[in-house]
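Notes for the one structure printed next.
The values are calculated or read from the model by the stated rules, or taken from the named source; none is laboratory data. Everything numeric here is computed off the predicted structure, so don't read it as measured data. Positions of Cβ are generated from backbone atoms using ideal geometry, with glycine treated the same way; all protein chains shown enter the neighbour counts. Accessible surface is based on the protein model in full, side chains and every heavy atom, while ligands, DNA and RNA are left aside. Shrake-Rupley method; radii C 1.70, N 1.55, O 1.52, S 1.80 Å.
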Amino acid sequence: MSQLAIAAQQTSPAPNVSFEFFPPKSDKMEAKLWESVARLSPMAPKFVSVTYGAGGSTRDRTQKTVAKIAQDTALKPAAHLTCVGATKQEVLQVAEDFWKAGVRHLVALRGDPPEGMGAKFQQHPGGFRDSVDLIAGVREYNGVPDARFEISVSCYPEQHPDSLGWDEDIAFLKAKQDAGADRAITQFFFEPDTYMRFLERARAGGVTMPIVPGIMLQPNFNGLKRIAGLCQASLPNWLHELYEGTEDDPETRELITANVAVELCHNLSEQGVEDFHFYTLNRANLALSTCRLLGMKPQAATA
Ligand code: FAD
């Protein structure tokens, strides 16, 4: 029986999924986001996260989006938050505003400088030094009595451009855990072994928190090449070959993208992975078809 047939008949627990969105810039994009949220909602995600633009550029839009998710849907929003371009007090004020809007989960990040990925990060005068400092700051903050956020953080199975080496990376991830992180979400990758090797290193280095694979659903291969180049994620030759000649064929590219994601998730599932975080790019169709191909069934509508 094929893996797809097995998935369709699956009686064992379906994976846990979470979806990442970005805050919309225009009315048209806003309509698309809410349509995507509504279509993905029946997949009963563990949480849905909303990114925070470089240098806090989307602060208000991120805030508005997570607040609306918290207030108008049954979904659990997670707000991304970075250290860039703001003092500690300003960043903690944003966290406090998230809490007051009903958000109970942060994705705590250092972030990139306003010049973008690849430029050197400079600590803001009076700002947090790095993501560990931010996590510790959120944990110590008492602006709202009894506020205890769930905190997710990033990690990099193929190393971040700022990496000083594997030992330092794993020690740094462990420091995030020790500062109070509950979960790590990986940068995207395409080879299952990349994740499994990283998991092994992290566990050997004392990282015990869940490490959830981040699965990219970007059907625009040129766009994917650009992002991968900036963040040093590798795109295997077989992926280049799959997309070759599809520049003018978006429908085929979407089918390829969903199939690649499903195969990656199936492979990881077989190795015991139960949670997946999907980079949706605010599009429901790829995330939805990937979930269905993983054997997930719609639950009662929650949005
Ligand atoms: P960190 O993990 O804190 O640091 C990056 C790397 O630098 C580490 O892995 C380590 O190799 C090295 N490093 C840093 N400090 C030390 C140290 N003291 N000792 C040793 N090594 C160190 N960007 C946004 O602007 N907005 C978002 O919403 C956003 N969401 C993201 C979500 C996920 C799941 C991921 C994986 C990335 C996201 N990014 C986002 C991108 C992220 O901001 C960039 O990759 C940024 O360059 C690093 O931020 P970080 O928190 O991942 O960094």
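Which number in (1) open to solvent by 30 Å² or more (accessible area, probe 1.4 Å); (2) more than 14 Å from the ligand (Cβ to nearest atom); (3) of a type outside the set (A, V, I, L, M) marks the one condition that Asp182 misses?
Tallying (1) open to solvent by 30 Å² or more (accessible area, probe 1.4 Å); (2) more than 14 Å from the ligand (Cβ to nearest atom); (3) of a type outside the set (A, V, I, L, M), Asp182 fails exactly one: (2).
What is the one condition in (1) within 10 Å of the ligand (Cβ to nearest atom); (2) at pLDDT below 95 that Gln159 does not satisfy?
(2)
From the residues in the range 147-156 that are surrounded by fewer than 21 Cβ atoms within 10 Å (Cβ to Cβ) and more than 7 Å from the ligand (Cβ to nearest atom), which one is modelled with the highest pLDDT?
By that ranking, first place goes to Glu150.
Which number in (1) at pLDDT below 95; (2) near the ligand (Cβ under 9 Å from one of its atoms); (3) open to solvent by 30 Å² or more (accessible area, probe 1.4 Å) marks the one condition that Arg110 misses?
The failed condition is (1).
For (1) more than 30 Å from Arg139 (Cα to Cα); (2) touching a residue at least 24 places away in the same chain (Cβ under 8 Å), each residue gets a yes or a no:
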{"site": "Gly165", "(1), (2)": "no, no"}
{"site": "Ala179", "(1), (2)": "no, yes"}
{"site": "Ile185", "(1), (2)": "no, yes"}
{"site": "Arg201", "(1), (2)": "no, yes"}
{"site": "Gly214", "(1), (2)": "no, yes"}
{"site": "Leu235", "(1), (2)": "yes, yes"}
{"site": "Thr246", "(1), (2)": "yes, yes"}
{"site": "Leu255", "(1), (2)": "yes, no"}
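Would you check if there is a residue in the range 9-32 being touching a Cys at 6+ places or on another chain (Cβ under 9 Å), surrounded by fewer than 23 Cβ atoms within 10 Å (Cβ to Cβ) and touching a residue at least 24 places away in the same chain (Cβ under 8 Å)?
Within the range 9-32, the subset touching a Cys at 6+ places or on another chain (Cβ under 9 Å) is 14-15, 17.
From what's left, surrounded by fewer than 23 Cβ atoms within 10 Å (Cβ to Cβ): 14-15.
Those still in the list that are touching a residue at least 24 places away in the same chain (Cβ under 8 Å) too: 14-15.
Scanning the range 9-32, I find at least one residue that is touching a Cys at 6+ places or on another chain (Cβ under 9 Å), surrounded by fewer than 23 Cβ atoms within 10 Å (Cβ to Cβ) and touching a residue at least 24 places away in the same chain (Cβ under 8 Å), so the answer is yes.
Of everything in the range 270-289 that's in a helix (DSSP H, G or I) and open to solvent by less than 50 Å² (accessible area, probe 1.4 Å), which residue is nearest to Leu239 (Cα to Cα)? Steps first, please.
Start the filter on the range 270-289 by keeping residues that are in a helix (DSSP H, G or I), which leaves 270, 284-289.
After this cut, where a residue has to be open to solvent by less than 50 Å² (accessible area, probe 1.4 Å) as well, the list is 284, 286-289.
Values: Ala284: 22, Leu286: 17, Ala287: 19, Leu288: 21, Ser289: 19 Å.
Checking each candidate, the answer is Leu286.
Give the residues of the range 210-227 that are touching a strand residue (DSSP E or B) at 6+ places or on another chain (Cβ under 8 Å) and either among the aliphatic types (A, V, I, L, M) or part of a loop (DSSP other than H, G, I, E, B) (or both), sorted by residue number. So that I can check it myself, show each step before the final result.
In the first step, residues of the range 210-227 are kept if they are touching a strand residue (DSSP E or B) at 6+ places or on another chain (Cβ under 8 Å); the result is 210-218, 224.
Answer for the range 210-227, where residues must be touching a strand residue (DSSP E or B) at 6+ places or on another chain (Cβ under 8 Å) and either among the aliphatic types (A, V, I, L, M) or part of a loop (DSSP other than H, G, I, E, B) (or both): Pro210, Ile211, Val212, Ile215, Met216, Leu217, Gln218, Leu224.
Tell me whether the range 43-61 contains one or more residues that are in contact (Cβ under 8 Å) with a residue 40 or more places away in the chain, within 30 Å of Leu268 (Cβ to Cβ), more than 16 Å from the chain's Cα centre (by Cα) and surrounded by fewer than 21 Cβ atoms within 10 Å (Cβ to Cβ).
Checking the range 43-61: at least one residue is in contact (Cβ under 8 Å) with a residue 40 or more places away in the chain, within 30 Å of Leu268 (Cβ to Cβ), more than 16 Å from the chain's Cα centre (by Cα) and surrounded by fewer than 21 Cβ atoms within 10 Å (Cβ to Cβ).
Looking at (1) open to solvent by less than 30 Å² (accessible area, probe 1.4 Å); (2) away from the ligand (no atom under 14 Å from the Cβ); (3) farther than 26 Å from Thr73 by Cα; (4) not hydroxyl-bearing (Ser, Thr, Tyr), find the lone condition where Glu96 falls short.
Result: Glu96 fails condition (3) only.
Got at least one residue in the range 189-209 being among the hydrophobic types (A, V, I, L, M, F, W, C), part of a strand (DSSP E or B) and more than 20 Å from Val132 (Cβ to Cβ)?
If we filter the range 189-209 for residues that are among the hydrophobic types (A, V, I, L, M, F, W, C), which is where we start, we get 189-190, 196, 198-199, 202, 204, 207, 209.
Subsequent filtering for residues that are part of a strand (DSSP E or B) retains none.
No - not one qualifying residue is present in the range 189-209.
If you scan the range 162-175, which residues turn out to be out of contact with any Phe, Trp or Tyr (no Cβ under 8 Å at 6 or more places or on another chain), open to solvent by 10 Å² or more (accessible area, probe 1.4 Å) and near the ligand (Cβ under 8 Å from one of its atoms)? So that I can check it myself, show each step before the final result.
As a first pass, look at the range 162-175 and keep what is out of contact with any Phe, Trp or Tyr (no Cβ under 8 Å at 6 or more places or on another chain): 164-168, 170-175.
From what is left, the residues that are open to solvent by 10 Å² or more (accessible area, probe 1.4 Å) are 164-168, 170-172, 174-175.
Residues satisfying the conditions are Leu164, Glu168, Ala171, Phe172, Ala175.
Conditions first: (1) touching a residue at least 24 places away in the same chain (Cβ under 8 Å); (2) part of a loop (DSSP other than H, G, I, E, B). Ala119 passes all but one, so which condition is the exception?
Here Ala119 meets the rest and fails (1).
In the range 215-241, how many are open to solvent by 80 Å² or more (accessible area, probe 1.4 Å) and hydrophobic (A, V, I, L, M, F, W, C)? Break it down into steps so the answer makes sense when it comes.
Pass one, the range 215-241, residues open to solvent by 80 Å² or more (accessible area, probe 1.4 Å): 222, 225-226, 232, 237-238, 241.
Subset that is hydrophobic (A, V, I, L, M, F, W, C): 238.
Count: 1.
Inspect all residues belonging to the range 114-127 and state whether any of them is within 30 Å of Asp193 (Cβ to Cβ) and at pLDDT 95 or above.
Within the range 114-127, none of the residues are within 30 Å of Asp193 (Cβ to Cβ) and at pLDDT 95 or above.
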